[in-house]
Amino acid sequence: MRVFRRFVIVIVLTLSAKGANTSKAATAPTVGSTLPNIILITLDTTRADRMGFLGSKRGLTPNLDVLARQSVVFTRAYAQVPLTTPSHAVLLTGTYPQFNHLDGLIQPLGADLPYLPDLFHHRGYHTAAFVGAMVLDAASDAAPGFDRGFDVYDADFHNPQPGEDRYHSLERRAEDVANRAMGWLSQNSQGPFFLWLHFYDAHEPYDPPEPFKTHYASEPYDGEIAYADSVVGSVMEVLHRHGLYQNTVIAIAADHGEAFGEHGEKFHGMFLYDETIHVPLLLKLPGEKFAGKRVEARVALADVAPSVLEAASVPVPAAMQGQSLFSLMNVAGSSARPSAGEQSAGGEKGTPERAIYSETNYAHRIYGWSELHSWRKEKYLYVQAPKRELYDQVSDPEALKNLASADRAIADTLDGQLSEFKKKTSSVAVGPAKLNPEAEEKLRALGYLSSDSGNSNNAEKVLIDPKDKIDFANKIHEYMFGLELDHYDEAFAGLQVLVRQYPADAGTAYLEFGKSLVHIGKYQDAVPILRSAIEKLPDSSTAHFQLGVALAKTGQWESALTEIQAAVDHNPTSAQMHYYLAAVDNRLKRLPEATVEYEMALKLDPDHFQANLRYGRMLFLEGHADAALAKLAHAVKVNPDSAEAHSFLADAYQQLGQVENANRERAAAEQLKSQPPE
């Protein structure tokens with residue numbers, strides 16, 4: 001452990017020095033304040049069975065183990081969705097996915113949902129978030145709405161430029177996240193504050209920094225866990241040094257776990273077994289109240305938000321569906337409310353056992369296969385699927401023996417309970433999430449698939465159980481990463497085998513492969529693959545759109561126009577697709593048509609930066625500087641860091657004789673151009 005301790009000390013000194021440069025860092029401790037500070041740390045893709053405080057003997061989490069001894073540990077905590085964005089939505093809103101309607105990727109967090117940072121912000125808290133990857137970047141439309149209530153939402157990510165590594169573009173290491181967070185805290189340490197740190201390190205690809213890379217060369221995932229633990233330790237040390245630890249509520253949870261071949265799954269998102277649903281959860285209360293207590297009853301990530309609110313004596317909104325965990329900690333005077341999922345069967349002494357609901361529709365969204373829903377009740381795990389599953393988790397903790405056929409009465413009872421719970425906790429959906437090709441492209445670089453290829457009403461596909469095609473999903477995932485790593489020949493050979501093995505899913509295979517080729521810039525190679533995809537999936541707006549992009553990138557503008565027009569026809573509510581159609585029309589000098597498409601894009605999304613920018617520039621070049629001005633000014637408002645937008649706006653001002661405004665915008669453009677890239 002000596003090398004790890006030395007690594008932590010380096011971080012601690014860095015963070016402490018950062019705080020020492022400000023006057024606020026040296027202020028009196030906030031211990032005794034009537035309002036506790038709140039720190040939420042989420043550990044992405046972190047399995048419960050890697051935690052020492054949950055029984056692991058691997059020695060990966062010495063710092064979390066120390067914190068656990070000063071906290072309440074929930075030994076059976078479960079995620080509601082095995083995907084980053086929807087799981088964080090559950091955790092931060094205290095609502096279930098069937099209520100908040102964020103059950104997949106690239107979906108907006110509703111402005112009417114209860115939301116922890118917003119609730120604390122309205123109570124006078126300083127609020128800040130420092131996230132570790134583009135998947136939670138609100139500004140890039142990967143996680144729209146997640147920045148609500150935050151004074152600072154630090155998530156400036158982008159696709160890698162040539163020669164740029166993923167840790168300076170797509171994601172950040174935990175050390176970087178912590179440094180940014182502690183820098184902010186040095187300016188806001190008098191509190192009260194709500195601070196969220198998101199560590200993405202344990203997510204694929206597994207590539208921990210030294211010394212963890214060498215020490216865990218044969219188990220890089222474990223190395224990522226050990227590395228994240230060391231950074232958690234450094235954060236705790238800073239809190240101690242600045243007198244912030246004792247009066248701070250610290251909640252640490254994973255959003256979901258990871259599968260390594262159990263039940264056939266080799267990543268996460270597809271299934272609902274413990275490998276990806278059972279997560280670590282601990283809660284440190286002010287003054288270390290109830291330190292060392294272990295709660296064995298099942299709890300849900302939906303319970304975290306009301307628990308944190310109660311810890312800060314903030315009223316829990318009626319819309320929150322989770323149940324405060326204080327009743328399980330035997331806290332006197334608890335105001336815990338019964339949740340919609342509460343069941344009356346044998347939990348902690350004097351409290352009912354809680355049944356836990358989880359779901360995933362990842363397989364349905366991507367491939368059109370069945371959704372899955374699970375219900376953990378008493379000793380059973382029940383999975384609602386075309387081939388339903390029932391496991392006795394006492395005698396069969398690894399869920400290897402399906403009892404659904406043998407114990408039909410129990411399976412029927414649990415199925416009814418699950419369906420009734422889902423019905424009672426659902427809200428009316430406004431409509432399906434709109435496909436955002438730009439956000440989809442960004443998430444693809446992180447290994448996430450998201451398209452409309454599976455969103456058909458094909459009754460045969462909906463009846464497909466993901467268990468029966470998990471090998472197909474694993475290989476699509478593998479080949480996509482292979483392309484990212486320039487393993488083109490192996491990936492292409494694998495694709496040819498895959499479409500022969502799974503002819504009914506060949507369209508999806510071609511589409512995902514073609515999209516990956518577009519993503520890595522192999523446009524010429526992508527064209528025939530995407531044409532094959534369209535043959536199998538003629539109604540897929542994604543397939544037409546991606547082919548249109550590939551054709552445009554290879555100079556085939558007329559053909560590109562046909563494909564992107566088809567994409568818009570199949571998905572007329574996508575502002576991004578209307579923008580691309582306008583751009584192609586503009587390139588082909590079809591200016592009246594381009595005008596119509598730009599206008600439609602801005603009608604659907606008035607803040608669409610590129611549509612405002614390019615439409616404004618087109619108007620300017622056509623001699624309509626007055627009309628261009630409004631569009632370009634709005635583009636600057638949407639993205640004030642764009643040198644190009646300031647430059648174009650300067651040209652419009654100059655043409656209109658507004659010299660002072662033109663000089664101001666030109667100076668802003670030059671200043672932005674001179675700034676070194678982050």
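The values are calculated or read from the model by the stated rules, or taken from the named source; none is laboratory data. None of these values were measured; they are calculated from a predicted model. Glycine gets a Cβ as well: all are built from the backbone with ideal geometry, and neighbour counts include every protein chain shown. Only protein heavy atoms, including side chains, enter the accessible area calculation; ligands, DNA and RNA are left aside. Shrake-Rupley method; radii C 1.70, N 1.55, O 1.52, S 1.80 Å.
Counting only residues that are more than 19 Å from the chain's Cα centre (by Cα), within 21 Å of PRO86 (Cβ to Cβ) and of a type in the set (Asp, Glu), how many does region 248-295 have?
Going through region 248-295 one residue at a time, the tally reaches 2.
Just one of the numbered conditions (1) more than 25 Å from LEU446 (Cα to Cα); (2) aromatic (Phe, Trp, Tyr); (3) open to solvent by 30 Å² or more (accessible area, probe 1.4 Å) is not true of TYR206; which one?
Among (1) more than 25 Å from LEU446 (Cα to Cα); (2) aromatic (Phe, Trp, Tyr); (3) open to solvent by 30 Å² or more (accessible area, probe 1.4 Å), the lone unmet condition for TYR206 is (1).
Across region 176-191, what is the total count of residues that are open to solvent by 60 Å² or more (accessible area, probe 1.4 Å) and either among the hydroxyl-bearing types (Ser, Thr, Tyr) or in contact with a Phe, Trp or Tyr (Cβ under 8 Å, 6 or more places away or on another chain) (or both)?
1
From the residues in region 46-78 that are of a type in the set (A, V, I, L, M) and assigned to a helix (DSSP H, G or I), which one is most open to solvent (accessible area, probe 1.4 Å)?
VAL66
In region 139-175, what residues are open to solvent by 30 Å² or more (accessible area, probe 1.4 Å), in contact with a His (Cβ under 9 Å, 6 or more places away or on another chain) and not in a loop (DSSP other than H, G, I, E, B)?
Listed by number, the list holds a single entry, VAL152.
Which ones in region 144-173 are among the charged types (D, E, K, R) and touching a helix residue (DSSP H, G or I) at 6+ places or on another chain (Cβ under 6 Å)?
ARG148, ASP154, ARG173
Residues of region 255-313 being open to solvent by 10 Å² or more (accessible area, probe 1.4 Å), in a loop (DSSP other than H, G, I, E, B) and under 21 Å from ALA385 (Cα atoms), which ones?
If the condition is that a residue be open to solvent by 10 Å² or more (accessible area, probe 1.4 Å), in a loop (DSSP other than H, G, I, E, B) and under 21 Å from ALA385 (Cα atoms), then GLY261, LYS266, PHE267, HIS268, TYR273 are the ones that fit.
If I filter region 609-629 for residues that are out of contact with any strand residue (DSSP E or B) (no Cβ under 8 Å at 6 or more places or on another chain), at positive phi and not charged (D, E, K, R), do I get at least one hit?
Yes, because at least one residue in region 609-629 is out of contact with any strand residue (DSSP E or B) (no Cβ under 8 Å at 6 or more places or on another chain), at positive phi and not charged (D, E, K, R).
Between ALA552, ALA543, which is open to solvent by less than 10 Å² (accessible area, probe 1.4 Å), part of a helix (DSSP H, G or I), closer than 21 Å to LEU517 by Cα and not aromatic (Phe, Trp, Tyr)?
Being open to solvent by less than 10 Å² (accessible area, probe 1.4 Å), part of a helix (DSSP H, G or I), closer than 21 Å to LEU517 by Cα and not aromatic (Phe, Trp, Tyr) holds for just one of ALA552, ALA543, which is ALA543.
Give the residue, chosen from ALA259, ALA228, that is over 26 Å from ALA181 (Cα atoms) and in contact with a helix residue (DSSP H, G or I) (Cβ under 6 Å, 6 or more places away or on another chain).
On inspection, the qualifying residue turns out to be ALA259.
How many residues are open to solvent by less than 10 Å² (accessible area, probe 1.4 Å) and either touching a residue at least 40 places away in the same chain (Cβ under 8 Å) or more than 17 Å from the chain's Cα centre (by Cα) (or both) if we restrict to region 115-129?
Within region 115-129, the first condition is being open to solvent by less than 10 Å² (accessible area, probe 1.4 Å), and the residues that meet it are 115-117, 120, 125, 127-129.
Remaining after also requiring either touching a residue at least 40 places away in the same chain (Cβ under 8 Å) or more than 17 Å from the chain's Cα centre (by Cα) (or both): 116-117, 120, 125, 127-129.
Matching residues across region 115-129 total 7.
Pairs, please: C-beta under 6 Å, at least 6 apart or cross-chain, first residue over 23 Å from GLY183 (Cα atoms) and in region 152-166, second part of a loop (DSSP other than H, G, I, E, B)?
Partner pairs satisfying both residue conditions: ASN159/ALA445; PRO160/SER169.
Filter region 487-531 for residues that are open to solvent by 70 Å² or more (accessible area, probe 1.4 Å), within 19 Å of ALA550 (Cα to Cα) and touching a residue at least 24 places away in the same chain (Cβ under 8 Å) and give the result.
LYS522, GLN524
Any chance region 268-290 includes a residue that's of a type in the set (Asp, Glu) and in contact with a strand residue (DSSP E or B) (Cβ under 6 Å, 6 or more places away or on another chain)?
No, the conditions are met nowhere in region 268-290.
Considering every residue within region 451-465, establish whether at least one is open to solvent by less than 40 Å² (accessible area, probe 1.4 Å) and modelled with pLDDT of 85 or more.
Yes: region 451-465 contains one or more residues that are open to solvent by less than 40 Å² (accessible area, probe 1.4 Å) and modelled with pLDDT of 85 or more.
Return yes when LEU102 is crowded, with 24+ Cβ neighbours inside 10 Å and at pLDDT 95 or above and no when it is not.
So LEU102 does not fit the description; no.
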